[in-house]
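A.B. asks: Structure incoming, see below.
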Amino acid sequence: MARLDTLLVARHPELSRARIEGLIKAGHVTVNGTQASKAGQKVDDSDDIVLVIPPPVPAVPEPESISLSILYEDDDVIVIDKPAGLVVHPAPGHNTGTLVNALLHHCPSLAGIGGVARPGIVHRLDQDTSGVLIAAKSQRAMDVLAKEFASHANMEKTYLAVVHGTPVPNEGRIENLIGRSPFDRKKMAIVERGGKNAITRWKLLARDAATSLSLVRCDIETGRTHQIRVHMASLGVPIAGDAVYGRARLDKLMAPPPARQLLHAWRLSLKHPVTREAMTFEAPIPHDFPRFCLDTANWR
């Protein structure tokens, strides 16, 4: 028996191991007619292993008529309430059906703003994270927003997370380095060196004793990949539904089990990139959050 990725690398020397792992993760490999589950899956040389290499991502994303929940729009910016499941920009495995494709249909003038592949995009949310996302519609807005998101100046980003357990203490601040896990390159982790500084302030907002679930507010002073998910897991209160950093055993006890990580970009405060007016946007709490999270009068 051998690892699936090891066997495929031997059979396809023209492809890197990283490329092989990406194809497996994107569902382009089957073993005996069944989609492969992971790169480390054990296989035998006699197994019927099929690798299908998808066509390259188009250099220029195409406009697509995809419904958008627009929180605000003017000549320079558009603010979206991104639903869970929507990918922000085209990438291998997600060539179409992304937020960029939707934005190009809604704002044809967006093409080329800040780059061809990711027009208007100044920050991202994970595919399964919902909530507020701002995009630039003009180059002048793009230049200012890109700089301020990189420096985290003049803005506040607040998330809501449903977690298993209760953070102790009920509020605090965590600061450390986050980088690629030395044990699993597809995951992020708290590292001693080689990572980027990551700061999250958390506060318990509500708790449901019957389910041992808590609603936690997370204000981030930096924007590292998977930052809140890694930090909550490190505090012993992983985000419910998080297939990478969470606890599947506890997710299965929920009714119904969450279909995604229950993380929501709730509020974004910043200065308008052109007028410099202070603005705050909020995205409604998603319906897949547990009912106790929706009673905002008790925790705002």
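The values are calculated or read from the model by the stated rules, or taken from the named source; none is laboratory data. Small disclaimer: the values here were computed from a predicted structure and weren't measured. Every residue, glycine as well, gets a Cβ built from its backbone with ideal geometry; the counts of neighbours run over all protein chains shown.
A.B. asks: Can you find a residue that is closer than 27 Å to Lys137 by Cβ and at pLDDT below 95 anywhere in segment 253-266?
C.D. replies: No, segment 253-266 has no match at all.
A.B. asks: Take the conditions among the aliphatic types (A, V, I, L, M), buried (at least 16 other Cβ atoms within 10 Å of the Cβ) and not in a strand (DSSP E or B) and apply them to Val60. Does it pass?
C.D. replies: Working: among the aliphatic types (A, V, I, L, M): yes; buried (at least 16 other Cβ atoms within 10 Å of the Cβ): no; not in a strand (DSSP E or B): yes.
It is false that Val60 is among the aliphatic types (A, V, I, L, M), buried (at least 16 other Cβ atoms within 10 Å of the Cβ) and not in a strand (DSSP E or B).
A.B. asks: Further question: If Ala161 satisfies all but one of (1) small (Gly, Ala, Ser); (2) crowded, with 19+ Cβ neighbours inside 10 Å; (3) part of a loop (DSSP other than H, G, I, E, B); (4) in contact (Cβ under 8 Å) with a residue 40 or more places away in the chain, what's the number of the condition it fails?
C.D. replies: (3)
A.B. asks: Name, by its number, the condition in (1) assigned to a strand (DSSP E or B); (2) more than 20 Å from Val237 (Cα to Cα) that does not hold for Asp184.
C.D. replies: (1)
A.B. asks: Mind checking which residues of segment 285-295 are under 16 Å from Leu205 (Cα atoms) and either surrounded by 12 or more Cβ atoms within 10 Å (Cβ to Cβ) or in contact (Cβ under 8 Å) with a residue 40 or more places away in the chain (or both)?
C.D. replies: Residues of segment 285-295 that are under 16 Å from Leu205 (Cα atoms), as a first pass: 285, 289-295.
The answer is Ile285, Phe289, Pro290, Phe292, Cys293, Leu294, Asp295.
A.B. asks: Name the residue that is nearest to the chain's Cα centre (by Cα), counting only residues in segment 225-243 that are farther than 17 Å from Ser130 by Cβ and at pLDDT 95 or above.
C.D. replies: Step one: of segment 225-243, the residues farther than 17 Å from Ser130 by Cβ are 225, 230-231, 233-238.
Subsequent filtering for residues that are at pLDDT 95 or above retains 230-231, 233-238.
On the way: Val230: 12, His231: 14, Ala233: 16, Ser234: 18, Leu235: 20, Gly236: 20, Val237: 18, Pro238: 15 Å.
The selected residue is Val230.
A.B. asks: Moving on. Suppose we keep only residues that are among the hydrophobic types (A, V, I, L, M, F, W, C) and within 14 Å of His226 (Cα to Cα) within segment 241-256. Which one would you say is surrounded by the most Cβ atoms within 10 Å (Cβ to Cβ)? Don't jump to the end; show me each part of the working.
C.D. replies: Just the residues of segment 241-256 that are among the hydrophobic types (A, V, I, L, M, F, W, C), to begin with: 243-244, 248, 250, 253-255.
Adding the requirement that they be within 14 Å of His226 (Cα to Cα) leaves 243-244.
On the way: Ala243: 11, Val244: 16.
For segment 241-256, the residue satisfying everything is Val244.
A.B. asks: Is it the case that some residue within segment 5-20 is acidic (Asp, Glu) and within 26 Å of the chain's Cα centre (by Cα)?
C.D. replies: Applying the first criterion (acidic (Asp, Glu)) to segment 5-20 yields 5, 14.
Those still in the list that are within 26 Å of the chain's Cα centre (by Cα) too: 5.
Checking segment 5-20: at least one residue is acidic (Asp, Glu) and within 26 Å of the chain's Cα centre (by Cα).
A.B. asks: Any idea which of Ala259, Ala255 is outside the structural domain of Leu145 (by TED's automatic domain parsing) and touching a Gly at 6+ places or on another chain (Cβ under 8 Å)? Before you say what the answer is, go through the steps one by one.
C.D. replies: On the way: Ala255 fails: touching a Gly at 6+ places or on another chain (Cβ under 8 Å).
On inspection, the qualifying residue turns out to be Ala259.
A.B. asks: What residue, among those in segment 244-300 that are of a type in the set (S, T, N, Q) and outside any strand (DSSP E or B), is farthest from Val79 (Cα to Cα)? Break it down stepwise before answering.
C.D. replies: Restricting attention to segment 244-300, the residues satisfying the condition of being of a type in the set (S, T, N, Q) are 261, 269, 275, 280, 296, 298.
Now drop any that are not outside any strand (DSSP E or B), which leaves 261, 275, 296, 298.
On the way: Gln261: 22, Thr275: 16, Thr296: 23, Asn298: 27 Å.
Among those that are of a type in the set (S, T, N, Q) and outside any strand (DSSP E or B), it is Asn298.
A.B. asks: For segment 139-154, state whether one or more residues are in a strand (DSSP E or B) and buried (at least 16 other Cβ atoms within 10 Å of the Cβ).
C.D. replies: Of all residues in segment 139-154, those in a strand (DSSP E or B) come to none.
The answer is no, given that none of the residues of segment 139-154 is in a strand (DSSP E or B) and buried (at least 16 other Cβ atoms within 10 Å of the Cβ).
A.B. asks: Mind listing whichever residues of segment 123-136 are outside any strand (DSSP E or B) and either surrounded by 23 or more Cβ atoms within 10 Å (Cβ to Cβ) or not assigned by TED's automatic domain parsing to the domain that holds Asn95 (or both)? Lay out the reasoning, then the answer.
C.D. replies: As a first pass, look at segment 123-136 and keep what is outside any strand (DSSP E or B): 123-129.
Thr129, the sole residue that qualifies.
A.B. asks: State whether the residues of segment 189-208 include one that is under 22 Å from Leu250 (Cα atoms), surrounded by 16 or more Cβ atoms within 10 Å (Cβ to Cβ) and polar (S, T, N, Q).
C.D. replies: For segment 189-208, residues under 22 Å from Leu250 (Cα atoms), surrounded by 16 or more Cβ atoms within 10 Å (Cβ to Cβ) and polar (S, T, N, Q): absent.
A.B. asks: Scan segment 221-239 and give yes if some residue there is assigned by TED's automatic domain parsing to the domain that holds His164, at positive phi and without any contact (Cβ under 8 Å) to a residue 24 or more places away in the chain, otherwise no. Let's see the steps before the verdict.
C.D. replies: Restricting attention to segment 221-239, the residues satisfying the condition of being assigned by TED's automatic domain parsing to the domain that holds His164 are 221-239.
Still in the list and also at positive phi: 226, 236.
Next cut, without any contact (Cβ under 8 Å) to a residue 24 or more places away in the chain only: none.
No, segment 221-239 contains no residue that is assigned by TED's automatic domain parsing to the domain that holds His164, at positive phi and without any contact (Cβ under 8 Å) to a residue 24 or more places away in the chain.
A.B. asks: Here's a follow-up. Cβ-Cβ below 9 Å, separation at least six or inter-chain, first residue in segment 1-14 and at pLDDT below 90, second among the hydroxyl-bearing types (Ser, Thr, Tyr) and not in a helix (DSSP H, G or I): which pairs?
C.D. replies: Val9/Ser16
A.B. asks: Another question, then. Go through the residues of segment 76-85 one by one and say whether even a single one is assigned to a loop (DSSP other than H, G, I, E, B) and modelled with pLDDT under 85.
C.D. replies: Pass one, segment 76-85, residues assigned to a loop (DSSP other than H, G, I, E, B): 76, 83-85.
The next check asks that each one be modelled with pLDDT under 85; those that pass are none.
No, because not a single residue in segment 76-85 is assigned to a loop (DSSP other than H, G, I, E, B) and modelled with pLDDT under 85.
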